[in-house]
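Have a look at the structure below, then the notes.
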Amino acid sequence: MADPGTYVDEIRRTICFALEIPPERLTESTPFDELGMTSRQRIQLLSRVEVTYGVSVDLDELDRLVDIRGVAEVISEAVAAQRPTG
């Protein structure tokens, strides 16, 4: 599995752009609720993640998308699941 930290900077840029906030306001553990992110925006984030990384993430994972670290872990797991084993 890829290190979730691999995805942190890009996730931060995506969220800061979407919410129009400065990057220094968003740490890996800043709860998205504190930033005013709605559940609809989390679904949009999930869609962006799927397109950006070419993965498919189950909607059940939405509850884990509460901060940058959670999003990075979901991406890392989805990327690892799509790699062929062998």
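The values are calculated or read from the model by the stated rules, or taken from the named source; none is laboratory data. What you are looking at is a predicted structure, and each value in this text was computed from that prediction instead of being measured. Side chains included, ligands, DNA and RNA excluded: accessible areas come from the protein's heavy atoms. Shrake-Rupley method; radii C 1.70, N 1.55, O 1.52, S 1.80 Å.
Give me the 1.4 Å probe accessible area per residue for the chain, excluding ligands and nucleic acids, in Å².
Numbers: 5270 Å² over 86 residues.
Accessible area per residue, the chain: 61 Å².
Counting only C-alpha contacts under 8 Å and six or more residues apart, can you give the relative contact order of the chain as a whole percent?
Contact order relative to length: 45 percent.
Just the accessible area for residue 47, please: 1.4 Å probe, Å², rounded to the nearest 10?
Counting only protein heavy atoms, residue 47 exposes about 60 Å² to solvent.
Given a 1.4 Å probe and every protein chain left where it sits, what share in percent of the accessible area of the chain is carbon and sulfur?
The C+S portion of the solvent-accessible surface of the chain is 49 percent.
Please state, rounded to one decimal and in Å, the Kirkwood hydrodynamic radius that the stretch 1-51 gives when every pair of distinct Cα atoms enters the mean of 1/r.
Mean inverse Cα-Cα distance, inverted, gives 11.5 Å.
Largest first and in whole Å, what are the equivalent-ellipsoid semi-axes of the chain based on the Cα gyration tensor, each being the root of 5 times an eigenvalue?
Equivalent ellipsoid semi-axes, largest first: 22, 13, 11 Å.
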